[in-house]
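Here's the structure we're looking at; comments come further down.
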Amino acid sequence: VSRDFLPRGSGIVTRRPLVLQLITAKTEYAEFLHCKGRKFTDFDEVRQEIEVETDRITGMNKGISSIPINLRIYSPHVLSLTLIDLPGITKVPVGDQPPDIEQQIRDMIMQFISRENCLILAVTPANTDLANSDALKLAKEVDPQGLRTIGVITKLDLMDEGTDAREILENKLLPLRRGYIGVVNRSQKDIDGKKDIKAALLAERKFFLSHPAYRHMADRMGTPYLQKVLNQQLTNHIRDTLPAFRSKLQSQLLSIEHEVEVYKNFRPEDPTRKTKALLQMVQQFSVDFEKRIEGSGDQVDTLELSGGAKINRIFHERFPFELVKMEFNEKELRREISYAIKNIHGIRQVLPTGLFTPDMAFEAIVKKQIVKLKGPCLKSVDLVMQELINTVKKCTKKLATYPRLCEETERIVAGYIREREEKTKDQVLLLIDIQVSYINTNHEDFIGFANAQQRSSQVNKSAVGNQVIRKGWLTINNIGIMKGGSKEYWFVLTAESLSWYKDDEVRNEELFL
């Protein structure tokens, strides 16, 4: 700007962001957004106004604020450019600064530099280690490729004798896409001595031309070159980002037009407009709810399952999973079957073959297993009900402009769903009780004793053939007309038949066990 108007001093001086708009004009003056209509021609007054406005928001004792100060400078000596001066990182709080001052300043800086349509001017003193630069560190977080970052190296005249920043300025040490530019500003002694800015610019130019490490790049160093580069790169950056910016604006415009469409039916002169609007919103809520359940909504969620898709998943994935998850102890079940059979027989001896299971024992065991289905079934009902409630909440978001209507709609619909939940649970329990009350052993899907043995026989035939199970002599007493007689027979028991031999004759009698 070629004017000395920014506050300077020790410690943190910039305590509010300063949005500085430079505008090329024939006359030179400054304007603040908070002082509309007032033109500042004395730049000492500009500095005082910045200090007063900063203290008005942040207080007198080093407080900070993210509320920006907007300053426009019109001058024939500037190029059209917009800069935002941000506070430097403060590590230790002083005065009225909060304990988390570092985090607050960091958040404030990130709020501005995260925007894709801005360039980042990372200022770093040359007499410090570049690898420890807070400015470059923050810039790298939001611009890891270095596409939006311009490096500025200051205090080149204060480096230790025998050292220089040549590698940095040649973009070799920590490369940036837009490179680095070195500047030499006035020292505090120069400022106290009222050294003119024009004289400071001449001294800066002389420094780069005379320094052996920088003279070969003197034309690409200095404040005037920085000003020119910033103007050029900002122009190029605006041209590059303008298509995306225009697309974003068009998207926002369409969104706003869609919102305006909702209010088209609100006619102040129509006495029935409230009733019409209410009916339309309730009808739209009904349509949205149905679409979310049926899966034909205009807004498709790509992050998670919701609405009808989630309910479908509950029925086809979660419910079978809950059934599989039911505890089943085969050893315990066998013991229960054994006890049931013995208890049904009472004092009577249980047949050692165990081929015929009493109906009462069978029903007792099966009914106990059927009753276990109640838990997974009721849990599935709860999950479906919860998803319906969530769907109602999502559909009522469009009614957020009318909080009372939104609240009542959600309450009434959710209450109705909960009423249906109780009746649904009663119906589910009734279906299970019906299954428990009567077990149809004649149904074709029921294996039963005969079918089980038939299937077992088929398996045995295909697996082992007509295998001999047992053979030997068997004596049968008390046969014939006269009591007391006995006869020996040779028995052969195979998988398919029972045969015995008597008087050189073979008689076969098939037994379906």
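I'd like the accessible area for residue 42: 1.4 Å probe, protein heavy atoms, all chains in place, Å² to the nearest 10.
Here the residue's solvent-accessible area equals roughly 70 Å².
State in Å² the accessible area per residue of segment 115-264; use a 1.4 Å probe, count heavy atoms of protein chains only, and round to the nearest integer.
64 Å²
So how much accessible area does residue 406 have, in Å² to the nearest 10, using a 1.4 Å probe?
Roll a 1.4 Å probe over it and residue 406 shows about 20 Å².
Starting from the Cα of residue 44, move 7 Å in the Cα-to-Cβ direction to define the label point; list residues of segment 164-195 whose amide nitrogen is under 18 Å from there.
190-195
I'd like the carbon and sulfur percentage of the solvent accessible area for segment 1-91, probe radius 1.4 Å, heavy atoms only, ligands and nucleic acids excluded.
So the carbon and sulfur contribution to the accessible surface is 49 percent.
Would you please state which residues of segment 146-160 a label at residue 170 would reach in this model, taking the label point 7 Å out along Cα→Cβ and a backbone N cut-off of under 18 Å?
Flagged as within label range: 153.
Please list, by residue number, every one of the GluC sites (Glu not before Pro) in segment 9-115 that is coil in DSSP and has at most 11 other beta-carbon atoms within 10 Å.
Counting only loop positions with at most 11 other Cβ atoms within 10 Å, none of the GluC sites (Glu not before Pro) in segment 9-115 qualifies.
Rounded to a whole number, what % of the accessible area of segment 109-253 do carbon and sulfur atoms account for, probe 1.4 Å?
Ligands and nucleic acids excluded, carbon and sulfur reach 53 percent.
State the dimensionless ratio Rg/Rh of segment 215-255 (Rg: radius of gyration of Cα atoms; Rh: Kirkwood radius).
Over the Cα atoms of segment 215-255, Rg/Rh equals 1.35.
Kindly rank 15-21, 238-244 from highest to lowest mean number of other beta carbons found within 10 Å of each residue.
Highest-to-lowest ranking by the protection proxy: 15-21, 238-244.
When the convex hull of the C-alpha atoms of segment 65-166 is computed, what volume per residue in Å³ does it have?
165 Å³
With a 1.4 Å probe and all protein chains kept in place, how much accessible area does residue 77 have, in Å² rounded to the nearest 10?
110 Å²
For the pair residue 253 and residue 368, how long in nm is the line joining their label points, each one 7 Å along Cα→Cβ?
Going by the 7 Å Cα→Cβ label model, 7.5 nm.
For segment 140-270, go through all pairs of different Cα atoms, get the mean of 1/r, take its inverse, and jot down that Kirkwood value in Å.
Evaluated on segment 140-270, it is 18.7 Å.
Between residue 315 and residue 440, what is the FRET efficiency for a Förster distance of 22 Å, r being their Cβ-Cβ separation, to the nearest 0.05?
The value I calculate is 0.30.
All other residues with a Cβ under 15 Å from the Cβ of residue 113 taken together, and with Lys, Arg as +1 and Asp, Glu as -1, what is their net charge?
With Lys, Arg at +1 and Asp, Glu at -1, the net is 0.
Figure the gain on full extension for residue 152 and residue 326 (residue separation times 0.36 nm, minus the Cα-Cα span) and round it to one decimal in nm.
55.8 nm
The values are calculated or read from the model by the stated rules, or taken from the named source; none is laboratory data. Given the structure is predicted, the values throughout are model-derived calculations rather than measurements. As a convention, Cβ positions derive from the backbone with ideal geometry for all residues, glycine included, and neighbour counts pool all protein chains shown. The accessibility values were calculated without ligands, DNA or RNA, using every heavy atom of the protein model including side chains. Shrake-Rupley method; radii C 1.70, N 1.55, O 1.52, S 1.80 Å.
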